[in-house]
Amino acid sequence: MRQMPSADMVSLISFLAVLLIFFSIDVRARDSAASKPWHAQLFEWASRIGGIATALALALGWVDLFLPDESSPIHVALVAAPGSVAVLCAIVLGLEMLWQRAESP
């Protein structure tokens, strides 16, 4: 995998920051009732896992931004893997909107 230039890393960090705000709003807006249907629990866990993955990718990207490129111990894959999980969770939560629309009268 190639090295990511600093300008691209700044763009990725900005995207992850916006995604983290989305997940934090989504998690706080959910109620934590014990007995929920399976799809409600799926979407709740997607929001939690997405938030954690986004925070991890954001922290690693932020640290990598300030390390020299030639001796960076943080490989691009260490940022891309949790970032990809976060994007997948965001897509699942986007599907939740379609799920809710199908349930409404």
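The values are calculated or read from the model by the stated rules, or taken from the named source; none is laboratory data. Everything quoted here is computed from the prediction, not taken from an experiment. Glycine gets a Cβ as well: all are built from the backbone with ideal geometry, and neighbour counts include every protein chain shown. In case anyone asks, the SASA skips ligands and DNA or RNA and just uses the protein heavy atoms, side chains included. Shrake-Rupley method; radii C 1.70, N 1.55, O 1.52, S 1.80 Å.
Just a few scattered comments:
- With Cα atoms, 0 to 90° folded angle of helix 76-103 axis to the chain main axis: 20
- Cα-derived Rg over Rh, computed across the chain with Rh taken as Kirkwood radius: 1.09
- The angle between the Cα long axis of helix 6-29 and the main principal axis of the chain comes to about 20°, on a 0 to 90 degree scale.
- Per residue, region 21-64 exposes 63 Å² of solvent-accessible protein surface, assessed with a 1.4 angstrom probe and all protein chains in place.
- For region 1-63, taking the reciprocal of the average inverse distance between every pair of different Cα atoms yields a Kirkwood hydrodynamic radius of 13.1 Å.
- Apportionment of accessible area to carbon and sulfur, the chain, percent (1.4 Å): 71
- Between 0 and 90°, nearest 10: helix 38-65 axis offset from the chain longest Cα axis: 10
- Loop-located chymotrypsin sites (Phe, Trp or Tyr not before Pro) in region 1-96 whose Cβ has at most 15 other Cβ within 10 Å (DSSP): F66
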